[in-house]
Amino acid sequence: MAVDPMHEPPAAPQPSRRVSTYIVALIAVALVAVTAWYAFTPHAPATAPAAKGGFGGGAGGGRRGGGDPAARGPLPVAIAVVQAQDFPLYQNALGNVTARNTVTVRPRVEGQLARVLFKEGQLVKAGELLAEIDPRPFEVQVTQANGQLARDQAQLTNARIDLERYRTLLAQDSIAKQQVDTQEALVRQYQGTIEADRGAVDNAKLQLSYTKITAPIGGRLGLRQVDVGNIVRASDANGLVVITQVQPISVVFSIPEDRLTAVRRRLQADAVLPVEAYDRDGKVKLASGKLLTVDNQIDPATGTIKLKGEFANDDGSLFPNQFVNVRMHVDTLTGALVVPTPAVQRGSPGTFVYRVGDDNTASVQPVKLGPVEGETTVISEGLKAGDRVVVDGTDKLRDGAKIEPIDRSIAAAAAPPARAGTNGERGAGKGGRRRNEAQNGATPAK
């Protein structure tokens with residue numbers, strides 16, 4: 001049957017171009033994901049035949065270098081030599097600066113402040129004139145006391161003349177003896193009055209001298225508390241000014257009671273224990289002095305005892321009530337074995353170090369530690385002088401691992417030229433890069 005070309009059935013719909021693009025993109029993403037999974041997922045080592053002729057070339061096959069740490073060769077680490085040297089023992093503590101003496105200058109008599117002769121913050125000597133109170137009322141008192149004394153002296157003189165006359169008349173049997181005795185008592189009475197008058201004169205002069213206010217001790221003056229023209233009294237709480245003795249000056253600090261024995265042993269041997277004062281951060285040294293004394297009792301609440309150090313403080317670097325870090329030299333260990341503190345490790349064996357043998361093999365060596373001072377630690381047992389220990393790169397080591405030792409002192413001396421340019425690093429090859437990374441604390445490139 002013939003088909004009318006004008007009535008052909010419609011053709012099947014074709015997928016749109018956009019849908020085709022999505023399908024291609026999904027296939028590409030799937031391929032990338034499979035490739036990435038294969039590249040970054042560890043695989044089992046290739047068999048011997050595959051290693052000889054298969055992918056990867058050398059021993060280990062598969063990924064380059066394989067999973068065996070020994071395949072990477074010796075690990076570059078920094079080492080140091082155990083040394084025998086004198087090791088100073090220090091006691092660190094927190095302390096407060098205290099003035100040797102502190103005096104609040106107050107007037108001893110009441111009156112109007114006439115003059116102030118000091119400047120705030122200046123250093124004064126003992127006996128130096130600081131201020132003056134209006135002296136005129138006290139000068140009047142001195143005059144009155146002198147007048148009273150003169151009057152009573154005149155009465156005493158007259159009484160003595162009468163006594164001599166009465167004694168003459170008594171010798172002539174002209175008067176009774178009772179009259180003579182009465183006159184003698186009157187003379188003694190006037191003598192006592194004269195003594196009291198002289199005391200009154202001295203007291204008036206003393207009160208007059210108190211109008212001149214002087215420094216009772218030498219030291220540094222604080223801020224002025226009273227202005228000129230005010231009435232001042234001995235009962236004033238603030239006084240005129242405060243003087244603190246700052247040359248010399250003291251520092252009070254506390255140490256644990258278990259360290260007291262070593263300190264007392266040195267003091268009983270008449271040893272001078274140097275004491276240093278540092279700033280709040282413990283970095284800047286402020287002054288040097290010596291241990292002055294030890295308190296007579298231990299604080300039961302804290303288990304510490306107070307000590308006092310003395311500082312000349314010639315430059316005035318220490319101020320009363322200042323917070324300082326104290327460092328006291330207690331003793332010195334002679335011929336102690338010392339290692340850099342980073343060489344000491346802690347783990348299941350306790351404290352240990354990685355000791356480097358003659359064949360450049362790092363082995364775990366348990367040690368007993370002594371005192372620690374900064375970046376240096378004393379080894380009491382486990383090592384001997386001349387042994388080599390690992391100080392940098394211990395996180396990559398295992399017992400019995402082969403290492404490439406780098407002398408710490410030599411590496412430090414060679415470090416500045418190596419960092420100055422890049423040509424030397426490029427010419428050093430893989431081994432040179434590993435040594436540079438070990439010195440900088442980085443993981444060596446594989």
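Please treat every number below as a calculation from the coordinates, not as lab data. None of these values were measured; they are calculated from a predicted model. Glycine gets a Cβ as well: all are built from the backbone with ideal geometry, and neighbour counts include every protein chain shown.
Here are some notes:
- Point-to-point label distance, Glu373-Gln153, nm (Cα→Cβ direction, 7 Å offset): 7.4 nm
- Packing-based order for 369-379, 384-394, using average beta carbon neighbours within 10 Å, highest first: 384-394, 369-379
- Computed extension gain for Arg398 through Asp295, at 0.36 nm per residue and net of the alpha carbon distance, reaches 31.9 nm.
- Of all lysines in the structure, those lying under 22 Å Cα to Cα from Lys368, and not within fewer than 8 positions of it along the same chain, are Lys384.
- Seen from Asp299, the other residues with C-beta closer than 15 Å to its C-beta sum to a net charge of 0, counting Lys and Arg as +1 and Asp and Glu as -1.
- Cβ crowding within 10 Å, taken as a proxy for footprinting-reagent exposure, orders Glu120, Glu184 from fewest neighbours to most as Glu120, Glu184.
- Around Leu163: net Lys/Arg minus Asp/Glu count, Cβ-Cβ under 11 Å: 0
- Neighbour net charge for Ile379 - beta-carbon separation under 10 angstrom, K R +1, D E -1: 0
- Protection-proxy order for peptides 131-142, 339-350, each taking the mean of Cβ atoms within 10 Å per residue, highest first: 131-142, 339-350
- When only the Cβ of Lys, Arg, Asp and Glu is charged (+1, +1, -1, -1), the dipole of segment 107-236 relative to its Cα centre reaches about 380 debye.
- When each of the peptides 297-307, 89-99 is scored by how many other beta carbons lie within 10 Å of its residues on average, the order from highest to lowest is 89-99, 297-307.
- Separation of the Gln112 and Leu31 label points, Cα + 7 Å toward Cβ, nm: 11.0 nm
- Pairs beyond 31 Å (Cα-Cα), from Lys285/Lys306; Lys283/Lys308; Lys125/Lys205; Lys212/Lys306: Lys212/Lys306
- Spin-label proximity, Ala385 to segment 323-365 - amide N less than 15 Å from point 7 Å beyond Cα toward beta carbon: 333-339
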